[in-house]
Amino acid sequence: MARMPWSSHAARQAALLAVQVVLALALGGIAIVLSERHNRRYDLTPTQSFVLSDQSLKIARKVTERVKIYAFCSSQEAGQRRQVEDLLEQFSAASPAIDFGLYDLDRSPGLAKKFTIASYNTGVIEGGQRVVPLSSLDEIEITNALLKLSARGPRTLCFLTGHGEHSPSENSERRGYSEVAKALERENFGVRVIERLPPEGVPADCTVVISAGPTRDLFPGEADQLEAAARRGGRLFFLVDPEASAAVAALLARFNIKLNPDLIVDERNRFFGADSFMPRVPIFDEGTFRKNLETAAVFSLARSLEPVEENRAGVVVSLLALTSPESWARIDTQAPPEGNVRFRPTVDKNGPLPVAVMANVTNTAESDGGQSAAPGRVAVFGDSDFAGNLYLNLMGNKDLFMSTVAVLAEDEDLVAVRRKGLQHGSLSPISLTARQGRMIFWSAVVVQPAVLLLIGIVVTARRRRRGGT
C-alpha cells in the first residue's frame, strides 16, 4: 500500500516551513502597519540631535491651519538634503497640517523667484496669506517661523535699567543680558529698554516688566506704579541679588514676598570647578512648569526667598524653584566670607530653600467692573547672574528663564525644554557636580590604574615564584 504524500516527513517539513513563512510575513506586515500609524522615534544620543525638542513638538502640534515649508536644497549635496528632509518629516509627523517640499534652486527658478530665494539651504513657510522666510533650514529656525505664523499679537518685554540692572543691550560677559535678548527675539518677543517708568506708570504695551539685578533704589513713585500695574493684571519679573536695595525689598513685601539676608551654600551639589556659593537648583514646581523642566539650573551667589502670610490681602504666593536638600543658607551674609564656611546649627538654615517664587495678585479691575480678568503676577528670583551672558546656556538656566517669561506672558507653548543649538560635529559640554567630578577622578585616575598595577604585581610575583621553583 502506497503512503500518502502528506504523511511523509518531507511534506510535514514543507508545510511547517510554509506556515512559518506566512506567520513571518503576517508579523512583518502588522509591524509595518503599526509603524506607519504610530510613528515613534527614539534618540539615545547625548544631544538628542535626531528628534525634535519638546518646545518644537509642542509648537508644531499647535499648528491646525494648513502651512507648507518650501526648502531649497542642492541636489548635488545628497547628505545635507536627506538631513533636511528627515527634519521636515519630523515636523510633518507632529502635525498633519504641516506639509513640505524640497526644491533645487536651479531646477525651480520660478518658485525661487516667487519667494525671492537666492541661496541654498534657505526657504520659506507659507500659511494663509503670510510667508515667513527661513534664513537656514534647522530646527530652531523652523520652530520660530511657526511661532511667528501663529503669533497672537505683539508681546513686548520691558527691561528696567535705571537702577543698576543688567541691560539687554549690553554685550559684556558678566553684566550683559544680550544673549537673553537674542533668545527672546528668536521666540517672537519684542525687547524694550526703559531707564525709568514714565509719570503715567507702566506703559500699556509692556507685556512683562523685568528688573534684573537692581542695585539702587527705585525712583520716587515707581514702587506705587509697579504695584498698581500688578493689581490691574500686569506682569512683573524681579531677579534680586543679595545686595539689592531696601526699596526693592519693601516693594516685594507688598506682594507677601520676603527677601532673606543670606547666601545659599551647597558643598555637595555645587558645580564642578566652582565654590560652594554656586548651588544647583534641581526642584521645580510641576504645577507651573508642567514637568517640562528636567535639567537643574545653576545659580551664582543666590539668596533665599520666603512667602509671608500676614501681609497684603488678595495675594497668594507659590514656590517655583528650590535648591537641593543638602544646601543651606548662611544667615546675615551678602558676600562670600574668606576661608571655608561651616554650617552653624544655631544660626543658619537647612535646605531645600526657595530661590524662585510667584505671587498671584487679585485683579482689582475685576472687583470694580464685575468682569472676569486675569490676575496680576509677580515672579521673583533670588539671583540675576544665572541669566547673564556667562551663565545663560549653562545646564537648565535658559529653560528656566524663558519658561518663566512664558508663564508670565501666558504663552504655554513656550514652557518647554529648548534645543541647545549644538551644531553637528561640535563638542557636547558635560556639566558635573563636585561629587560627580570626584567620583570620576577616583575611579579613572586612582582606582583603575591601581587595580592594573596590583594585577601586574601579582602576575610578576607569581612568575618569579614559578621561575624560582
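Taking 4.7 Å between C-beta atoms as the pairing limit, the chain has these partnerless cysteines: Cys73. With 0.36 nm allotted per residue and the present C-alpha distance subtracted, the Glu89-Leu25 stretch has 20.3 nm of extension available. Taken along the Cα-to-beta-carbon direction at a fixed 7 Å, the label points for Glu185 and Ile455 span 5.7 nm.
If packing is taken as the mean number of other Cβ atoms within 10 Å per residue, what is the order of 342-354, 236-248, highest first? Walk me through the numbers before you get to the answer.
On the way: 342-354: 14.8, 236-248: 20.8.
So the peptides 342-354, 236-248, ranked by packing, come out 236-248, 342-354.
Carbon-plus-sulfur accessible fraction, the stretch 175-232 (probe radius 1.4 Å, protein heavy atoms only): 49%. Helix 9-37 and the long axis of the chain differ in direction by around 20°, with both axes built from C-alpha atoms. Ellipticity at 222 nm from helices only: DSSP H runs of n ≥ 4 in the chain, each -39500 (n - 2.57), divided by the residue count, give -9500 deg cm²/dmol.
Shape of the stretch 216-304 from the C-alpha gyration tensor: oblate (a/c of 1.5 or more and a/b not above b/c, with a ≥ b ≥ c the square roots of its eigenvalues).
Once the other residues with Cβ under 13 Å from the Cβ of Ile210 are scored (Lys, Arg +1; Asp, Glu -1), what is the net sum? Here the charged neighbours net out to +3. Database remark: amide H of Val298 closer than 5 angstrom to the amide H of Val281, Gly396, Asn397 (H placed geometrically; neighbours at sequence offset of 5 or more, or on other chains; Pro and chain starts carry no H). Taking the Cβ-Cβ separation of Val33 and Glu65 as r and a Förster radius of 41 Å, what is the calculated FRET efficiency to the nearest 0.05? Computed FRET efficiency for Val33 and Glu65: 0.90.
The distance linking the stretch 54-128 with the stretch 278-347 is 44 Å (Cα centroid to Cα centroid, whole angstrom).
Between Thr215, Leu137, Pro168, the Cα set farthest toward the positive side of the dipole of the stretch 111-263 (charges on each charged residue's Cβ, about the Cα centre) is that of Leu137.
Can you tell me which of 20-31, 197-208, 75-86 comes out highest on packing, and rank the rest after it, using the mean Cβ neighbours within 10 Å? Mind showing how you got there, number by number?
Values: 20-31: 10.0, 197-208: 15.5, 75-86: 13.7.
Taking the mean over residues of other Cβ atoms within 10 Å, the ranking is 197-208, 75-86, 20-31.
Taking a ≥ b ≥ c as the square roots of the eigenvalues of the Cα gyration tensor of the stretch 75-114, is the shape rounded (a/c under 1.5), prolate (a/b larger than b/c) or oblate?
Numbers: a/c = 4.72, a/b = 1.40, b/c = 3.37.
Judged from the Cα gyration tensor, the stretch 75-114 comes out oblate (a/c at least 1.5, b/c at or above a/b).
Sorted on the mean count of surrounding Cβ atoms within 10 Å across their residues, most packed first, peptides 437-450, 275-288 read 275-288, 437-450. In the full protein context, the chain carries 54 Å² of accessible surface per residue, based on a 1.4 Å probe and ignoring ligands, DNA and RNA. Straight-distance candidates among the lysines for linking to Lys398, with alpha-carbon spacing under 20 Å and chain neighbours fewer than 8 residues away dropped: Lys58, Lys182, Lys291, Lys420.
The values are calculated or read from the model by the stated rules, or taken from the named source; none is laboratory data. Quantities reported herein were computed from a predicted structural model and do not represent experimental measurements. Backbone-built Cβ (ideal geometry, glycine too); neighbour counts: all protein chains shown. The area values use the complete protein model at the heavy-atom level, side chains included, leaving out ligands, DNA and RNA. Shrake-Rupley method; radii C 1.70, N 1.55, O 1.52, S 1.80 Å.
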